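**Q** First the structure, which I've put down as structure tokens, then a few questions once you've had a look.
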Amino acid sequence: MKEARAAERIVSLVPCITEALFALGLGSRVVGVTDWCVHPRDGVAALPRVGGTKTPSIASIVALRPDLVIANREENRRRDVEQLEAAGVRVWVTFPRTVREGVQLLREVAELGAAPEAFASRVVPVERALADALEHPPAQRARVFCPIWKKPWMAVGSDTYANDLLRICGGDNVFAGRRARRYPIVTLEEIRAAQPEVILLPDEPYAFGARDVQELGKEDVPAARAGRIHQIDGTLVSWYGPRIQRALDTLRALILGGERA
């Protein structure tokens, strides 16, 4: 978004982009964030909060006089974007659905005014990590189940950033073929039938915990029999930006049976 490069007062409605802005040295331009923008802790602690990602206060955002609001098609609602635009606020709607697009978005955020040193230390290493992962794909693969919700069970599906990340890291997403929904609703019977070899349980947006590991550990699936049901930092599968490099390393190790990174 070339016209956004002059932005000096930014409201971020996307937690991972809030983190990226600070990592790139642009934190001083951020004038408002959502309740879910928690990183970096010290950087966002004193910033005005404008509500949740799905329930932002339009009046509060407008009152901050931003010259740019950064939103995301998946995390934020279209009607909120439309109300902001109707109020004369410029909105940049992001929507990376692959790791490559997530890396490109990090560079585009840096182009809002990051110093050359930030490109070198924050952007280039992530770009190199992705290039290396694509140039050296895993020789082996594993069937992976990665839910995002419970009651009902909902899984990472096709056409999502998380699905592409799992693929690059050697995971064959057992529910990637369901085209009707990007995050399909599934049953325990379907999970059993899919026979995942690895199960990854993120701690967001649903906070999967030890009880869920125990519950799934009783199922007749290879992941349970091999003890390969892992609780993970949910940001690794959903936050694009500075965390991509660590996500590639960590998830590849878990999916292919190595040690946790």
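**Q** How do Thr55, Thr160, Thr18 rank when sorted from fewest to most other Cβ atoms within 10 Å of their own Cβ?
**A** Thr55, Thr160, Thr18
**Q** Largest first and to the nearest Å, give the Cα extent of the chain along each principal axis.
**A** The Cα atoms of the chain stretch 56, 38, 33 Å along their principal axes.
**Q** Still on this model: Near the amide H of Val30, under 5 Å away, which other amide H atoms are found, from residues 5 or more places off or on another chain, if H is placed in the peptide plane?
**A** Ile10
**Q** Once every DSSP H run of n ≥ 4 in the chain is given -39500 (n - 2.57) and the sum is divided by its residues, what mean residue ellipticity at 222 nm do you get, rounded to the nearest 500 deg cm²/dmol?
**A** -10000 deg cm²/dmol
**Q** Sort out the exposed loop trypsin sites (Lys or Arg not before Pro) in the chain (DSSP loop, at most 10 other Cβ within 10 Å) and tell me the longest stretch that has none.
**A** Within the chain, the longest run free of exposed trypsin sites (Lys or Arg not before Pro) spans 1-178.
**Q** Taking amide H positions as placed in the peptide plane 1.01 Å from N, state which residues far from Leu68 in sequence (5 or more) or on other chains have amide H under 5 Å from it.
**A** So Leu68 has HN proximity to Arg9, Val11.
**Q** Can you give the Rg/Rh ratio of the range 2-131, where Rg is from the C-alpha atoms and Rh is the Kirkwood radius?
**A** Reported Rg/Rh (Cα atoms, Kirkwood Rh): 0.95.
**Q** Still on this structure: Roughly speaking, what is the stretch gain from Val38 to Glu219, that is 0.36 nm per residue apart minus the C-alpha to C-alpha distance, in nm to one decimal?
**A** 61.6 nm
**Q** Each residue of the range 70-82 in order: what ³J(HN,Hα) in whole Hz does its phi give by Karplus 6.51 cos²θ - 1.76 cosθ + 1.60, θ = phi - 60°, with x for Gly and Pro?
**A** Computed from phi, the couplings for the range 70-82 are 9, 10, 9, 4, 7, 8, 10, 8, 4, 5, 5, 4, 5 Hz.
**Q** Can you work out the PRE-style zone for Ala131? Point 7 Å along Cα to Cβ, and I want the residues of the range 85-107 with backbone N under 18 Å.
**A** 99-107
**Q** How large is log10 I(q)/I(0) at q = 0.12, 0.18 Å⁻¹ when the Debye formula is applied to the Cα atoms of the range 7-79, each weighted equally and without solvent?
**A** Values, matching the q order: -0.25, -0.59.
**Q** Also: Using θ = phi - 60° and the Karplus relation 6.51 cos²θ - 1.76 cosθ + 1.60, list the HN-Hα couplings for the range 41-48 in order, rounded to whole Hz, with x at every Gly or Pro.
**A** Rounded to whole hertz, the list is 4, 5, x, 9, 4, 9, 7, x.
Bear in mind that the values in this text are calculations on the coordinates, not laboratory data. Here the structure is a predicted model, which is why all the values come from computation and not from measurement. FYI the Cβ positions are ideal-geometry reconstructions off the backbone, even for glycines, and counts take in every protein chain you see.
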